[in-house]
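Right, one structure below, let's go through it.
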Amino acid sequence: MWSAFLRILDKYLYIELLKTFFAVLTVLLLITFGSEATKLLAMAVEGKVPSSIVLQVLLLKIPPALEVILPLVALLSVMLSVGRLYQDQEMVVLSSCGISPQYFQKRVLFFLIPLVLVTAWISLVVTPWSYKTERLIIGEAQTLSPISGLVPGRFNTLPNEAGVFYTKSISDSGELSNIWIQRQSKAKDAEQDLILVAPIGRFEWIDGKLMLVLEDGYSYIGMHDHATTTPGDVEVKSFKRFEVLIPELSSKPTRPAKFEVGTDVLWASEALESQALLQWRLVTPFGVLVLGLIGLKMSRTGPREGRFAKVFFALVLYIIYNQLLMVGRDGLTTGNWPMSIGLWPVPILFLILALVDFRQLNLKLLPTLKSNNRPTKVSEPQKRKHSGNED
């Protein structure tokens, strides 16, 4: 009967933990995605990111967000779910039935271990892949983004009245056919107007710039040099390949981020920055375990305290933990902190804070302190002796 009761209690506790975990995770993801969606939409309005890939890029930001917020989710979910047992006086009933605090510590530990493994997989494998995939998608979209603003079969006016662009058709791969471009110059000292004609063209990244590559075409210079143009002043040239930069249609390429480097590459590298990033990825999963156990310790509430009484202190504790890791990572990158120690002192310190019960420690030390401070008894002969000396 006792084992059956524990199984029922296990299910009850795990259901409470899972419900609170997914609720907190949903709220934090919505907050994170709200800010990220605002940034992406602003970039799409400015033309830096095509609007067609906003949702795809937003989904790729889930793994980096989970890497950061999962320790906080573990802290809040354990604290709120177990704290409800204290608030509803269920913990008092369970304690009277002989359920020890170590029981809850073991069950919370079993609940956190799968989360630690999932966080490790996200931090070591999924997050670098998501950063790299996001960069490649944005780079490919930026290559096709100039085409997205062009209407085939019509004369498209370039922004700022910089010229006219025409193409007969645009294939799915981004190849242009029957291209006609007129570049206009308003300044008197600038280069004369240019007309380019080519049967085939496409956009390519060349030396960090988005260039329009034309093949087997002709260039005409001087045809629109105001009213003084004569037939002899027009210069016609043929070309096999012509690369032209159209600033009105170009964009800056995305640079590879340091977070997209694979874990195997970081492991083989001896650079301080790579080793610091490797330490960060290895320590991150342990934050779920450490902060989850701290959440169990912070779940103890009094009869008149609410479930959300310690949420603010939990957030402050998470910020302190995360900032200490970031300071340690910067110290490893600059060489001011020894690499042999790494970032492990931070989770070890918080793990000691989670496992050591300072209340019980004070209760054990209190009788010893009282016995040391207790006044010594004086015997009757000694009292008489002292009284005689005083006389």
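The values are calculated or read from the model by the stated rules, or taken from the named source; none is laboratory data. Since we're looking at a predicted model, the values are computed, not measured. Here Cβ is always computed from backbone atoms with ideal geometry, including for glycine, and neighbour counts include all displayed protein chains.
Just a few scattered comments:
- Within the stretch 106-125, tally of residues that are closer than 14 Å to Thr284 by Cα and either at pLDDT below 90 or surrounded by 14 or more Cβ atoms within 10 Å (Cβ to Cβ) (or both): 10
- Top-ranked residue of the stretch 44-79 - restricted to ones that are at pLDDT 85 or above and polar (S, T, N, Q), ranked as farthest from the chain's Cα centre (by Cα): Ser77
- Val27 being surrounded by fewer than 19 Cβ atoms within 10 Å (Cβ to Cβ) and either of a type in the set (Val, Ile, Thr) or closer than 28 Å to Gly262 by Cα (or both): yes
- Residue tally, condition surrounded by 14 or more Cβ atoms within 10 Å (Cβ to Cβ), modelled with pLDDT of 60 or more, over 11 Å from Asp193 (Cα atoms) and of a type in the set (Val, Ile, Thr), over the stretch 211-237: 1
- Condition met for Pro128 (closer than 30 Å to Asp264 by Cα and crowded, with 17+ Cβ neighbours inside 10 Å): yes
- Lone qualifier among Glu273, Glu305 - being part of a helix (DSSP H, G or I) and either over 23 Å from the mean Cα position of the chain (by Cα) or at pLDDT below 90 (or both): Glu273
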